[in-house]
Number of protein chains: 2
Amino acid sequence: MNILLASTSTLFGGEYLAYLKEELIDLYQGVDEIIFIPFARPSGISHDDYTKKVGSFFETINIKVKGLHEFNDKIEALNNSKGYFTGGGNTFLLVKTLHEENLMSVLKQNVENGKPYLGCSAGSNIGGQNMKTTNDMPIVYPPSFDCMGLVPFNINPHYLDPNPELKHNGETRETRIKEFLTQNDIKVVGLREGNWIRRINEKITVEGSELTRIFGQGKEPYEIESGSQL
Amino acid sequence: MNILLASTSTLFGGEYLAYLKEELIDLYQGVDEIIFIPFARPSGISHDDYTKKVGSFFETINIKVKGLHEFNDKIEALNNSKGYFTGGGNTFLLVKTLHEENLMSVLKQNVENGKPYLGCSAGSNIGGQNMKTTNDMPIVYPPSFDCMGLVPFNINPHYLDPNPELKHNGETRETRIKEFLTQNDIKVVGLREGNWIRRINEKITVEGSELTRIFGQGKEPYEIESGSQL
């Protein structure tokens, strides 16, 4: 496998995907065209507009982008493509669309066969075991929460530390992940913005500028450094 | 109907349910025992411990509390009870349990027949049309997102304004609710902590110390004052 699962597409104050440029040149070596999966639709952006935005970035590294929504036969399109990118947005909408069109398993099979895959945020959630550690609002009801399981754990993108100054009683991210662990025995990688997971064949590491917080059932959460194996 | 749907059980720095004490004396007039629904289990607290915590508060207003989990026949227990309280925690876990045990419709029927109902946070979410505007993490997969529809809109509890100082690219609450409105034509009441919805027969008002933010499809969000009708 050859995959990159990022916490976010865009660093605060940065340009879309800019901080990952060198990584993406490496990920997509030898690939001149990829399929973009726009179904998560952040802020309700149209599939076309989202694909254009992604195309603008990939032009700068000489890769053409086609939106998966443009194809009549999406399964054939996935099977014929040499690489993939799933953008962020709403994970419920993304997972619902992928399951309803029978695309989740087709994408999984192609990626497990070695074709490069990039996910950001919701697109990283679907690389995990299931979507039960997304931060998104359940705006639609997917037929299942199961995901591709490209890594043997779940991801919490945009991981955010508790803010002690916030006078608010909504749950912190850590509380939510601990609630997940009362119901599921699956490791959770709390991926802060600036970090990503890189899998090359059997080797899985966490990369980027921040420490990464790891949660497991019956354990105190702990931090690991960039470059650590997962 | 005679219901109170609160954003939160506990104000920052306050005691459990303390800010609602006078309201609850009014809500439960003539009722000396209620059933508490503990299934949302905040931070994974046990049903027993959660029920004890709730019992301690209700002692101060001379109301006995029994946990719904204590009954073998939960449907009969709901039908025999004179009032209800559903506590906060994880809305997915709450809704899954209520649907799997066929309790959602039984509770709805009893409340629609006039028995007093209090919900806090997740317990307020289930008073809305569906749970698609919860803030909670989808730690379990419920058989449906449908809720009781005690009010003709959805509720977003713990509504939080965007923090301009946060250098983070996760979605704001407003962005999430707007994404909901791209997929659903249901009004959303953004209920800030300190506020609650009160329904007495046909009259539905928002009460409490803060303004309340209203979201609708194709409209700019707007604010209404405490005491306004919904």
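Bear in mind these aren't lab numbers, they're just calculated from the coordinates by the rules spelled out. Nothing here was measured: the structure is a model prediction, and the numbers come from that model. For neighbour counting, all protein chains shown are included, and Cβ atoms are generated from backbone atoms with ideal geometry for every residue, glycine included.
Quick look at the values:
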quantity: Counting DSSP beta bridges with both ends in the protein assembly as shown, the antiparallel % (nearest 5); calculated: 50
quantity: Chain lengthening between A:D49 and A:E101 when straightened (0.36 nm per residue, less Cα-Cα); calculated: 16.6 nm
quantity: Inter-chain Cβ neighbour average for residues A:172-180, partner chain, 10 Å; calculated: 4
quantity: Integer Hz, Karplus 6.51/-1.76/1.60 couplings in order for segment B:215-229, x for Gly and Pro; calculated: 10, x, 5, x, 10, 6, x, 9, 10, 10, 8, 3, x, 5, 7
quantity: Dipole moment magnitude, nearest 20 debye, segment B:72-180 about Cα centre, only Lys, Arg, Asp, Glu C-beta charged; calculated: 120
quantity: A:S209 paired with B:F12, simple spin-label distance in nm, labels 7 Å along Cα-to-beta-carbon; calculated: 2.8
quantity: For A:Y222, B:Y117, B:Y19, order by how many other beta-carbon atoms lie within 10 Å, fewest first; calculated: A:Y222, B:Y19, B:Y117
quantity: Position B:K52, label points 7 Å along Cα→Cβ, spacing to each other copy in nm (shortest first, one decimal); calculated: 6.1
quantity: Global geometry of segment B:93-230, whether rounded, prolate or oblate, following the gyration tensor of its Cα atoms and the 1.5 cut on a/c; calculated: oblate
quantity: Gap separating the Cα centres of segment A:72-100 and segment B:22-68, nearest whole Å; calculated: 46
quantity: Cα centroid separation - segment B:107-167 against segment A:163-230, whole Å; calculated: 27
quantity: Footprinting exposure proxy for A:M104, B:M137 (fewest neighbouring C-beta atoms within 10 Å first); calculated: A:M104, B:M137
quantity: Chain A: most fluctuating residue of A:P38, A:P162, A:P116 per GNM, C-alpha cutoff 10 Å; calculated: A:P162
quantity: For the protein assembly as shown: rounded, prolate or oblate by the Cα gyration tensor [a/c cutoff 1.5]; calculated: prolate
quantity: A:I3, B:I37, B:I25, B:I214 arranged by Cβ crowding within 10 Å, fewest neighbours leading; calculated: B:I25, B:I214, A:I3, B:I37
quantity: Qualifying GluC sites (Glu not before Pro) in segment B:125-208, DSSP loop, other Cβ atoms within 10 Å at most 16; calculated: B:E165, B:E202
quantity: Under the Karplus curve 6.51 cos²θ - 1.76 cosθ + 1.60, θ = phi - 60°, whole-Hz ³J(HN,Hα) for segment B:135-143, x wherever Gly or Pro sits; calculated: 8, 7, 7, x, 6, 9, 9, x, x
quantity: Normalised contact order of chain A, rounded percent, pairs of Cα under 8 Å and 6 or more residues apart; calculated: 21
quantity: Listed residue (B:L160, B:H99, B:N80) projecting farthest to the positive dipole end of segment B:35-161, Cβ model; calculated: B:N80
quantity: Modelled label reach - B:N62, point 7 Å along Cα→Cβ, segment B:3-33 residues with backbone N closer than 11 Å; calculated: B:30-32
quantity: Relative contact order (%) - segment A:113-198, alpha-carbon pairs under 8 angstrom, separation at least six; calculated: 29
quantity: Between helix B:173-183 and chain B: long-axis angle, C-alpha atoms, 0 to 90°, nearest 10; calculated: 90
quantity: Cα gyration tensor category, rounded, prolate or oblate, for segment B:39-99 with a/c compared to 1.5; calculated: oblate
quantity: Cα-centred dipole magnitude for the protein assembly as shown, charges only on beta-carbon of K, R (+1) and D, E (-1), debye, nearest 20; calculated: 340
quantity: Cα centre as origin, Lys/Arg/Asp/Glu Cβ charges: segment B:2-224 dipole, Debye; calculated: 220
quantity: Positive-end extreme of charge dipole, chain B - chosen from B:Q217, B:V206, B:N62 (charges on Cβ); calculated: B:Q217
quantity: DSSP beta bridge pairing in segment A:2-224, given as percent antiparallel to the nearest 5; calculated: 50
